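The values are calculated or read from the model by the stated rules, or taken from the named source; none is laboratory data. Quick caveat, the model's predicted, so the values are computed rather than measured. So basically every Cβ, Gly included, is an ideal-geometry build from the backbone, and we count neighbours across all protein chains shown.
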Amino acid sequence: MTSPTTAQDSFGGTPTAPRPTATLFNVAMAMVLLPALPILVYYLWISLEFNHGLPAVPSVALLARLPAPTPASALIFVGWLGFHALLQTCLPGKSVEGTPIGDGSRLKYTMNGWLAWWLTWAMITAGLALRLFQPTILAEQFGPLLTTANLFVFVFCLYLYWFGKRRGRSGERVSGNPIYDFWLGTALNPRLGNFDLKLFFEARPGLIGWVAVDLSLAAEQQARCGAVTVPMILVCSFHFWYVADYYLHEEAILTTWDIKHENFGWMLCWGDLVWVPFTYTIQAYYLVEHTHDLPWWGATGIVFLNLVGYAIFRDANLQKHRFRKDPTRPIWGRPPRYIRTARGSLLLVSGWWGVARHMNYFGDLLMGLAWCLPCLFGSPLPYFYIFYFTILLVHRERRDHAMCARRYGDDWLSYCAQVPYRIVPGLY
Ligand code: NDP
């Protein structure tokens, strides 16, 4: 369990190599997932909307439920993208350099997400006060918006594919297989001038859209039942907090796997614009129709679980982030212990990074569980998030592990020997 492997990661080829080979398995996987993932999201929505939140029996008849885009959904989608592009471009923010890219240079990013986050809510509140739109508009247009977002991503990713190919920059990880390259993308940091497409789609329209859809679903519950229930308040507050916290520590995204190592293609773009806003909202969608209450001790326990998860998640990420900036800064009141690798980087062995190798994932998973529990146990669908997220983080940890093993060799082995657990202390 603790020995590093040199196995290729299943989706990314060989991340440290400039030109990975698309294996038959990788291409087949991309060919299956490109249609299967959108179908899965439609299936989840159909189950929520037409089957009272219970998994619908898969059948051809469900195809009749597929929603067409509407003029309203197209307007909302394009307006939302345009609004956030404008905020990203025009709002002031700290200029921060990313980690070194292939040629050793560093790209500059403007960190104005915190301002954009609050300005978005100010604008939405103003729009509601002026009755420019109804609070339930996103809940009502959920299906058509899902189709609009899917169509946009498929077309936009053709552009992304062409963008990277056209530039043909050396150092970009492209395999030469069109399907695999469409799936993973052909450019690490596609930019239009200074406008960074990957950071924008990773961090703005889908992420804030997730919370906006949640709140619209809460408004829908209010409209239908005359009140917003405690479970709905919990779910919306947890999500709101999670995303607000992201913007508060926005700079940390620059050292994440996606920004540093992943090309910007269908996989990321679809994840940002479809998967996040349309599946992370499943709990709120489910609660619109399921208006149960929670005992005070149940609600308190769930809040506590979320707080514990948050504390671990945030503190672990901050410990690494601060350690990278200043390796002498004390952790838990003591000078940090670390391994100096042959490459020169330091691997932290103190704090959460000495408890398990990805305690940040563990904290994230605890929070994910707290988001599902308010829905109680009448259906498995609200637990889709924790189910998927566990698979994602286990898979992600293995990819990261394989890459660190290649990068740090024996130093990584030594770290793994000192910190034997991957994610869950004492268990995994
Ligand atoms: P990490 O922030 O854990 O970054 C992993 C990298 O950290 C490694 O590649 C290595 O990079 C460095 N590293 C590993 N071990 C050490 C160590 N002991 N000391 C110092 N550096 C180390 O992973 P992610 O980028 O995947 O995740 C960031 C956060 O985002 C997590 O909290 C995760 O839960 C969350 N997340 C949330 C998602 C969601 O949908 N809600 C999706 C994905 C992630 P290097 O060698 O280059 O320094």
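Among the residues examined, Tyr286 does not qualify as under 14 Å from the mean Cα position of the chain (by Cα), assigned by TED's automatic domain parsing to the domain that holds Ala149, more than 20 Å from Asn189 (Cβ to Cβ) and assigned to a helix (DSSP H, G or I).
Report yes if Leu62 is touching a residue at least 12 places away in the same chain (Cβ under 8 Å) and out of contact with any Cys (no Cβ under 7 Å at 6 or more places or on another chain), otherwise no. Criteria met by Leu62. Against the list (1) under 17 Å from the mean Cα position of the chain (by Cα); (2) near the ligand (Cβ under 10 Å from one of its atoms); (3) closer than 18 Å to Lys260 by Cβ, the condition His401 fails is (1).
Here is a yes/no grid of residues against (1) modelled with pLDDT of 95 or more; (2) within 10 Å of the ligand (Cβ to nearest atom); (3) not assigned by TED's automatic domain parsing to the domain that holds His261:
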residue: Arg322; (1), (2), (3): no, no, yes
residue: Lys325; (1), (2), (3): no, no, yes
residue: Ser350; (1), (2), (3): no, yes, yes
residue: Met367; (1), (2), (3): yes, yes, yes
residue: Ala405; (1), (2), (3): no, no, yes
residue: Asp410; (1), (2), (3): no, no, yes
residue: Gly426; (1), (2), (3): no, no, yes
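Scanning the range 290-343 for residues that are aromatic (Phe, Trp, Tyr) and touching a strand residue (DSSP E or B) at 6+ places or on another chain (Cβ under 6 Å) gives Phe323, Tyr338. Residues of the range 268-282 include none that is over 13 Å from the mean Cα position of the chain (by Cα), part of a helix (DSSP H, G or I), within 13 Å of the ligand (Cβ to nearest atom) and touching a residue at least 24 places away in the same chain (Cβ under 8 Å). So in the range 326-356, with the set limited to residues that are aliphatic (A, V, I, L, M) and in contact (Cβ under 8 Å) with a residue 60 or more places away in the chain, which one is surrounded by the fewest Cβ atoms within 10 Å (Cβ to Cβ)? The qualifying residue surrounded by the fewest Cβ atoms within 10 Å (Cβ to Cβ) is Ala342. Among the helices (runs of 4 or more DSSP H) confined to the range 323-428, the ones with at least 3 residues that are small (Gly, Ala, Ser) are located at 359-372. Looking only at the range 391-398, decide whether some residue is touching a Leu at 6+ places or on another chain (Cβ under 9 Å) and touching a residue at least 40 places away in the same chain (Cβ under 8 Å). No, the range 391-398 contains no residue that is touching a Leu at 6+ places or on another chain (Cβ under 9 Å) and touching a residue at least 40 places away in the same chain (Cβ under 8 Å).
One residue is enough: does the range 287-295 have a residue meeting the conditions crowded, with 22+ Cβ neighbours inside 10 Å and closer than 30 Å to Phe154 by Cα? No, the range 287-295 has no match at all. Against the test of being in contact with a Cys (Cβ under 8 Å, 6 or more places away or on another chain) and within 15 Å of the ligand (Cβ to nearest atom), the options Arg343, Arg357 yield a single qualifying residue, Arg357. Within the range 51-74, being assigned to a helix (DSSP H, G or I) and loosely packed, with under 13 Cβ neighbours inside 10 Å holds for Val60, Ala61, Leu63, Ala64, Pro71.
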